[in-house]
Structures are given as C-alpha cells and as structure tokens.
Amino acid sequence: MANTKEKLLEIKDLRRHFKVDRKNELKAVNGITFDIFKGETFGLVGESGCGKSTAGRTIMGLYQASGGEVVFKGASVHAKRSKKEQRDIHRRMQMIFQDPYASLNPRMTVKDIIAEGIDIHGLAKTKKEREDRVIELLETVGLNADHRNRYPHEFSGGQRQRIGIARALAVDPDFIVADEPISALDVSIQAQVVNLMKRLQKERGLTYLFIAHDLSMVKHISDRVGVMYLGNMVEIATSDGLYQEPLHPYTQALLSAIPVADPGYERSRERVILEGDVPSPINPPSGCPFRTRCPMAMEICSKAQPEFIEHQPDHWVACHLYGNKN
Ligand code: SF4
C-alpha cells in the first residue's frame with residue numbers, strides 16, 4: 001500500500017472528445033475527477049470502449065484534453081510551455097503498452113530501443129555510460145547483457161514486455177501508465193510481470209496507473225481502483241473496499257462475472273447479468289449513463305446524471321441509490 005497521501009496527479013473534470021463528423025462528437029472521456037497518490041497503484045477498469053485507455057493517454061498528455069485539467073507535481077500537463085519544459089514533464093511520465101511487440105521497433109536492437117529515451121534526454125555522456133545503463137536496465141527487469149544486441153522478434157511475449165518496462169525505466173520516471181500490460185500474455189507469465197512491476201515500484205518509488213478490462217487483473221496490484229463506464233467514472237474505492245462492498249450496480253455486475261475458487265460459494269452466489277450492449281459514446285443516454293443496462297434503474301435515472309459523491313470515507317460512487325440530492 002502507498003504509505004503517503006501526497007498527491008502526484010490531480011485529474012479534474014477531464015474530457016477528451018473526438019470529432020466524428022460536423023455534428024457529432026465521440027465523448028470518450030466525459031468529465032472524470034480523481035487524484036493519484038505518490039507511490040500507489042491506481043487500477044482503472046471497465047469494458048472495452050469505456051474510455052480508460054483514452055483517459056490514460058490524455059492524462060499523460062499524449063492527447064490534448066477537450067476540457068478539464070491534469071496537474072502533475074503541481075504543473076498542468078496540457079499547458080502551453082517551451083519544448084524543453086514539455087520534454088522534462090514527459091520524461092517523468094512513461095507508458096507501458098498492451099502489445100509489447102507492436103510498440104517495439106522491429107528494426108532496432110534492444111539496446112537502441114532502451115536507449116532511445118536516454119539519447120533524447122541526454123542522460124548519458126559517453127557511449128560507455130549509455131551501454132552500461134542499458135545493461136543495468138536489462139538486468140533490473142530480469143534479462144541479461146547479451147540480449148542487448150538482439151531484435152524484438154527473438155524474444156517471447158513476456159520478455160518483450162520486460163524490454164518495454166526497461167525502456168520506460170530508462171529515463172527514470174515518477175509515473176507510469178500501464179495500458180493493459182498483461183492482457184496479451186499467457187496466464188503463467190502474467191504473475192511474473194505483475195511481480196516485476198511491484199518490485200520496481202518498491203525499489204524506485206514508482207506510481208502506476210494500471211489499466212485493465214477485468215477486475216480480477218487489477219485486484220492484486222492496485223491500492224485503489226476506479227471503475228469507468230461510457231467515459232464516466234462510476235466508482236472509486238480502495239481495492240479491498242471495492243471487492244468487499246461494491247456500491248455501483250455496474251461494479252457489482254463486473255465483480256459477479258469473476259469466477260471464484262470455492263465451488264460451493266460459486267454455485268450459491270447471485271449473479272448480476274448485464275443485458276444489452278454498451279450504448280454509443282456519440283449519443284449517450286440522458287441522465288445516468290448506465291441506466292439502459294441497470295437492473296436497479298428508477299425514474300430519476302433518466303432525468304438527472306448522479307453526482308460523484310463520497311458515500312463512505314475513501315469510497316466514491318455516482319448512483320442515485322446513494323443519497324444524491326438531485
Ligand atoms: Fe442504476 Fe440509476 Fe444508479 Fe444509474 S443512477 S446505476 S441507473 S440505479
């Protein structure tokens with residue numbers, strides 16, 4: 001768990017809309033607000049298309065925000081500033097991708113892939129220093145010095161993800177957005193990559209935004225978890241709080257879809273089956289975005305969007321079932 005509550009990032013009413021045609025916009029991220037504390041892992045989950053990857057990229061500044069703000073270590077990520085200042089901010093925020101193969105240039109050696117950031121930011125004064133740093137990074141992620149002159153296709157999926165992690169670490173970041181970093185890996189390899197990320201977090205004081213499409217994946221790595229639906233944040237809680245007492249009907253449905261190890265409990269527990277498809281983010285429902293699939297929907301749900309409220313300490317939810325005064 002994070003042992004400090006110092007805010008590393010403040011995400012305030014962040015929006016990212018994409019123009020589809022002259023009249024329509026796709027509201028991929030539609031006003032999300034939360035903090036990420038220094039040294040923690042914040043898990044971000046939701047079905048595909050809910051806006052979590054777009055949120056991650058907008059938080060990093062890879063996408064411009066359509067509205068709202070991201071404050072990283074006191075500085076606004078999307079503010080206009082000199083190229084050098086922008087580079088310095090970006091050095092502190094790195095990304096690990098879902099498909100490590102697609103994100104590694106197949107024509108570059110592992111050494112050059114890892115050293116790219118070192119070169120851009122001028123972090124090594126000599127060739128030898130650059131080489132030593134690459135070797136140290138390879139060893140840090142469980143690979144060895146001989147791997148540096150090989151090409152990405154010579155590695156397994158798990159090894160490629162380790163190369164992606166080494167590349168992110170090369171510039172000594174504070175914050176890493178890990179966008180579904182284990183989804184494409186064999187189950188047997190997933191735990192190894194998660195354990196590596198946890199160890200690196202401890203050793204280097206890293207802060208993670210860990211994006212995943214299913215709650216079971218983020219459970220073990222996250223201190224807190226945020227659940228997104230149709231571009232909105234619907235619930236945030238500590239990992240234990242969310243799994244023990246999910247408040248939002250959407251979170252309850254996601255959790256009930258996870259198989260449990262106890263066969264007796266598995267047979268007896270109630271399942272919440274979600275009906276229908278996720279509505280289009282171009283034309284989201286009025287009121288609560290989840291109302292077209294919610295088994296608990298009431299009249300008010302089509303009329304007013306529920307506020308995101310702290311229903312219990314450290315447990316936030318956007319649902320009319322929980323004391324919204326609208
Ligand atoms: Fe369901 Fe209404 Fe709560 Fe939305 S606000 S999740 S529709 S009960």
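Tabulated data for the structure shown
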| item | result |
| --- | --- |
| Residue, farthest from Asp174 (Cα to Cα), within region 9-25, restricted to residues that are buried (at least 17 other Cβ atoms within 10 Å of the Cβ) and hydrophobic (A, V, I, L, M, F, W, C) | Leu14 |
| Tally of residues being touching a Leu at 6+ places or on another chain (Cβ under 8 Å) and part of a loop (DSSP other than H, G, I, E, B) across region 146-174 | 5 |
| Output for region 300-319, where each listed residue is more than 8 Å from the ligand (Cβ to nearest atom) and either in contact (Cβ under 8 Å) with a residue 60 or more places away in the chain or closer than 13 Å to Val234 by Cβ (or both) | Gln305, Glu307, Phe308, Ile309, His311, Gln312, Asp314, His315, Trp316, Val317 |
| Identity of the residue in region 276-286, within 26 Å of the chain's Cα centre (by Cα) and within 13 Å of the ligand (Cβ to nearest atom), that ends up modelled with the lowest pLDDT | Gly276 |
| Matching option when the condition is among the basic types (Lys, Arg) and touching a Phe, Trp or Tyr at 6+ places or on another chain (Cβ under 8 Å), among Arg204, Arg167, Arg224, Arg199 | Arg224 |
| Residue that is most open to solvent (accessible area, probe 1.4 Å), among those in region 42-84 that are at negative phi and in contact with a helix residue (DSSP H, G or I) (Cβ under 6 Å, 6 or more places away or on another chain) | Tyr63 |
| Condition met for Arg199 (surrounded by fewer than 23 Cβ atoms within 10 Å (Cβ to Cβ), out of contact with any His (no Cβ under 8 Å at 6 or more places or on another chain) and at pLDDT 95 or above) | yes |
| Cβ-Cβ under 6 Å pairs, at least 6 apart or on other chains, region 271-299 side open to solvent by 90 Å² or more (accessible area, probe 1.4 Å), far side modelled with pLDDT under 90 | Arg271/Ser256 |
| Criterion violated by Ala212 - all others in (1) farther than 18 Å from Ala55 by Cβ; (2) among the small types (Gly, Ala, Ser); (3) open to solvent by less than 10 Å² (accessible area, probe 1.4 Å); (4) more than 16 Å from the ligand (Cβ to nearest atom) satisfied | (1) |
| Count of residues meeting criterion [acidic (Asp, Glu) and either at pLDDT 95 or above or in contact with a helix residue (DSSP H, G or I) (Cβ under 6 Å, 6 or more places away or on another chain) (or both)] in region 97-115 | 1 |
| Near pairs, Cβ below 6 angstrom, 6+ apart or cross-chain, from region 110-135 (without any contact (Cβ under 8 Å) to a residue 12 or more places away in the chain) to any residue that is in a helix (DSSP H, G or I) and basic (Lys, Arg) | Ala124/Arg130; Ala124/Arg133 |
| Single residue of region 132-157 satisfying the filter (farther than 21 Å from Pro173 by Cβ and of a type in the set (Asp, Glu)) that is least open to solvent (accessible area, probe 1.4 Å) | Glu154 |
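The values are calculated or read from the model by the stated rules, or taken from the named source; none is laboratory data. A quick note: this is a predicted structure, and the numbers were derived from the prediction, not measured. Because the Cβ atoms are built from the backbone with ideal geometry, glycine has one as well, and the counts that use them run over all protein chains shown. Side chains are part of the model used for accessible areas, which takes the heavy atoms of the whole protein and leaves out ligands, DNA and RNA. Shrake-Rupley method; radii C 1.70, N 1.55, O 1.52, S 1.80 Å.
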